[in-house]
Structures are given as structure tokens and as C-alpha cells.
Amino acid sequence: MPAMRIAAALLATALPLTANGTAQVLPAGQFKARDGRPGPGKFWKLSDADGVALAQQLSASAARTPISIDYEHQTIHARVNGLPAPSAGHMLSFDWQPAKGLQAKVQWTPRAKTFIEGDEYRWISPVLLTDEADQIVGVYNAALVSAPALDGMDAVQVALQAMSFGDITTPSHQQEQSVTLLAALIAGLGLPTDTTQDKALATVAELKVRTDAASSRPVVPVALATALSLQPNADEAAALAALNARLQQSATLISGLQQQVTTLGADLQQARQADAKGELDALIATCLADGRVVPATEKLWRDLGVKDLAQCKVMLAAQPPIVNPGASQTQGKTPGGAANDGVDPDKVDMLSDQAILLARNMGISEETWRKLHAKA
């Protein structure tokens, strides 16, 4: 139910009833009651569009449960006076007729037909439901009455007062007003017809708490709600939850990227090491071939290349080739002239200037080097 005031207006139309099963419930256009309702300078009004919609709404409701017509609103007053509330008839369907108003197809009881035909009851009084803007939103039920209350019809005069929840200003008929209000309140809340006043008021209090909570709920700006894929009226809690979800997704993504970077870095380091080893192997092979490196000093040059390949390149470039590229240092012979498949490392002079220079670049002093390789 919308957060609005519910008003039940007990009004009596002024057109004579007929016993042929039809009755005018409300007039068309703009109207008000002689007692001033709905207020100074205000009117109830039903346009053709509103009337058609109201007729459709009431017809749909009546198709499920016919809307009752009693005598002098006794259905409402029975809660107080304890008297029976016999039915005068039931409204089965509704139709809107431009310039004339809301018409009801009525199934009258035999007793009601007698009253109508004897001109003892001439008016039908609907119990209206209106919102806080005094717009008609429904018809609770109706009654046969002996005096009409609605202005703007034939032979009108004031009969009953309108009851407004939270706005009861008429000093007379207080008991009647309270009962009328309770019935309208129960109908507006969609509660069972036998709901007590305490239960109805408790329901209203609960609705007020919910409405106040909804109205006090902080709502995030529309732009932020759109950016977070939220509804336009999303609150701060929903926005914070969406932000936390986005942050968790970002953290997971960043972690995955970091792992990929670490893996790529390790692969790149391995590739660089492999390239450096291949380059060092090629350099040592070239220098072995032209005599700048001998087998006895090969390990020293390799250790230097692993430690600092650039320095190793510079030092070997400064060494002059001992033989032409592709030729062995002894032309395949031992220093004495005999044929030899290679150089005996044990016979290489480890105290040559070349070996000592290499030792210095490896961080070994000449004195230490000479002690290590001194010949017996």
C-alpha cells in the first residue's frame, strides 16, 4: 500500500434508484459535498479516463467477490451497535458512462426491491477510498440511504461526514466516524474484515517503521550506481559490497599478473644464461684454435667469462693470436717436432706472462699464483 492517508467518504448519490438492477454510484466530472469536503477550494473529480480505470478495477474485484450494498451503512456500524447488517444487494459489475458517471449492475434482494419500488429508499451511498491528495482510488462498499450527501447531483443535501485517518475534525458523530475510519483502514491495508482496531493500528505502525527506514536509507548518486551496475536507488551498503567485489577481482587479477611476470623473468634469465654460455663456448673455441687460450688455462678463462663475459672478451681480444685461425699451435707436433694429438696440460708453462695476467684478472696475486704452480 502506498504511503498515503486513507479517507473513507460516506456519500449518497442523488439519482433515484430503480429496481431494474442498475444504480449510479458516482457522478462524472468535478464534485464535492455540502459539508465542505474534501476541503476549501478542493474537489473530488473523475475524468473519463479515471472513471474507465476505476470501473475496470471495481469490475475485476466484483468478479471475484461481489461488492455488497447494505442499509444505512450498518455493516460498518454493527461493530459498535451490535445489530444485524442485512444485505440489500450486490454490485456485480461496473461501467463508466461519460457525462453521467460510474454505473453499477446490481442484484437486489426482494426486500430491497420492495423498499425501492415503494420509494422508501431513493439513494445509494458509496464508501469511497481516497489518497492523501483526495483522489478517488476505490469503493469499499455502498448502502441504501434515505438522505443523499453528495453535491453536484439532483436534490442534494448533507447527510454524513467524511472520515480521514489522522485528520478527524468533525465534532459530531464521533463514534460513527471512528467505526467508518476503522473499516476504511482495514480495507486499505488489505486485512481481513474482522481485524481488530489494535491489529490494524499495529499494521500501520509497522508500515510506518518500514517507510521511515526506507526514506532514511542513504542512497548513492546515480552515476556511481551506474558505474557499479547497481539499481538507481541503491544504498551505501550495496555500493560498498559492489566495491569490495571489484577490489577482490582486481587483487586476483594483479596476483595472476605478478605470477606471470615472475615466470617470464625466470624464463628470460634462463634464456640469457643460455645465450651467454653459447657465446662463451664459441669465444673459447675460437681462442683455443688461434692459440690465445691453451687447454691448461681454459678453465680460468671460462670462470672469468661466467663471472664477467664482457671483461673476458676484452682481455682475449687484447691477446694476439699465436697461430693462424684453424691451425694448431704446434702444427700437430710436440715442441720437439714429434707428431702429437694435443698439448699435455702438465707441460704448459703456468708461469707465462699470459697465465699470470689471467690470474690477476681472476683476483689472484702473482705471488700466490707462482707458489701454486712452482715447479719442483
Do you know which residues across segment 33-82 are under 24 Å from ARG111 (Cβ atoms) and loosely packed, with under 13 Cβ neighbours inside 10 Å?
THR65, VAL80, ASN81, GLY82
Filtered residues of segment 345-359 (kept if in contact with a Pro (Cβ under 8 Å, 6 or more places away or on another chain) and either in a loop (DSSP other than H, G, I, E, B) or at pLDDT 70 or above (or both)):
VAL348
Evaluate the following for GLY39: is it part of a loop (DSSP other than H, G, I, E, B) and either in the same structural domain as PRO98 (by TED's automatic domain parsing) or touching a Ser or Thr at 6+ places or on another chain (Cβ under 8 Å) (or both)?
yes
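The values are calculated or read from the model by the stated rules, or taken from the named source; none is laboratory data. No experiment lies behind these values; they were computed from the predicted model shown. Please note: Cβ atoms are built from the backbone with ideal geometry, for glycine as well, and neighbour counts cover all protein chains shown.
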